[in-house]
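Asker: Quick one: the structure is below, and I'll ask about it shortly.
The values are calculated or read from the model by the stated rules, or taken from the named source; none is laboratory data. Quick caveat, the model's predicted, so the values are computed rather than measured. Please note: Cβ atoms are built from the backbone with ideal geometry, for glycine as well, and neighbour counts cover all protein chains shown.
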Amino acid sequence: MNNKRLTAMLAGTLFAAVAQQAVAAKGPEYSYAEIGYINIDGDLVEGDGAGVNISFGATDHIFLKFGYSRLFLEDTSSPLDFDADRFQIGGGAHFGITDSIDVLGALSYVDVEFSNGVPAEADEGYLAEAGVRAKLSKALELNATVSALHFDGEDDMGYGVGAVFDITKNFALSGSFRQFQDDNENEYFLGLRVGL
């Protein structure tokens with residue numbers, strides 16, 4: 001057997017395997033709950049905490065979402081430590097551009113309640129997001145978003161990337177990175193996701 005024929009057979013086998021994975025991969029799931037660890041590293045504040053996120057696929061194209069996180073933060077320019085309870089509620093729409101890739105948009109109300117010596121008791125605003133979710137195989141999803149945040153009377157732009165790795169049919173590991181540019185604030189999340 002000559003090298004060209006062998007190369008063609010190997011390439012055909014590889015293409016068939018990739019095509020089979022793409023066909024086998026269903027689109028992203030929109031009904032889940034997750035809990036995880038949060039780390040924040042920014043020019044103004046840094047710290048960590050825990051968060052819970054819930055998403056519910058209300059229809060074939062509409063989803064609702066809720067998030068809560070408890071953060072223990074410190075002001076990087078002073079010895080002040082403080083706590084923050086962050087609430088987020090909203091919804092969005094998603095549309096499949098292939099069987100395994102969705103584009104989406106979402107709008108959420110965001111409220112942050114401060115405690116432990118911070119002069120401002122609360123801030124609130126709105127977060128608009130647009131992104132893409134791609135189920136690359138049965139077990140792996142990658143996603144990316146761009147964000148516009150209007151919070152405490154100021155506007156900021158950000159972006160995020162994430163991944164979801166299915167451990168079993170109902171459980172997955174999820175991780176994400178998000179950055180807002182004006183405050184140069186990086187937020188990392190690592191959690192366990194349960195399908196609903």
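Asker: Scan the stretch 154-180 for residues that are touching a residue at least 24 places away in the same chain (Cβ under 8 Å) and not in a strand (DSSP E or B) and jot them down.
Answerer: K169, N170
Asker: OK, next. E74 - would you say it is surrounded by fewer than 15 Cβ atoms within 10 Å (Cβ to Cβ), among the acidic types (D, E) and in a strand (DSSP E or B)?
Answerer: Values: surrounded by fewer than 15 Cβ atoms within 10 Å (Cβ to Cβ): yes; among the acidic types (D, E): yes; in a strand (DSSP E or B): yes.
For E74, the condition - surrounded by fewer than 15 Cβ atoms within 10 Å (Cβ to Cβ), among the acidic types (D, E) and in a strand (DSSP E or B) - is met.
Asker: I'd like to check something: does the stretch 169-181 contain any residue that is surrounded by fewer than 13 Cβ atoms within 10 Å (Cβ to Cβ), more than 21 Å from L73 (Cβ to Cβ) and modelled with pLDDT under 95?
Answerer: The answer is yes, given that some residue of the stretch 169-181 is surrounded by fewer than 13 Cβ atoms within 10 Å (Cβ to Cβ), more than 21 Å from L73 (Cβ to Cβ) and modelled with pLDDT under 95.
Asker: Would you tally the residues in the stretch 43-74 being touching a residue at least 12 places away in the same chain (Cβ under 8 Å) and closer than 26 Å to V132 by Cβ? It would help to see each step written out before you state the result.
Answerer: Going residue by residue through the stretch 43-74, those that are touching a residue at least 12 places away in the same chain (Cβ under 8 Å) are 43-58, 61-74.
Those left that are additionally closer than 26 Å to V132 by Cβ: 51-58, 61-69.
Residues meeting the conditions: 17.
The rows are residues; the columns are (1) assigned to a strand (DSSP E or B); (2) hydrophobic (A, V, I, L, M, F, W, C).
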residue: K26; (1), (2): no, no
residue: A33; (1), (2): yes, yes
residue: D48; (1), (2): yes, no
residue: R70; (1), (2): yes, no
residue: L104; (1), (2): yes, yes
residue: L107; (1), (2): yes, yes
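Asker: A follow-up question, please. Out of (1) farther than 25 Å from D60 by Cβ; (2) in a strand (DSSP E or B), the odd one out for D183 is which?
Answerer: Here D183 meets the rest and fails (2).
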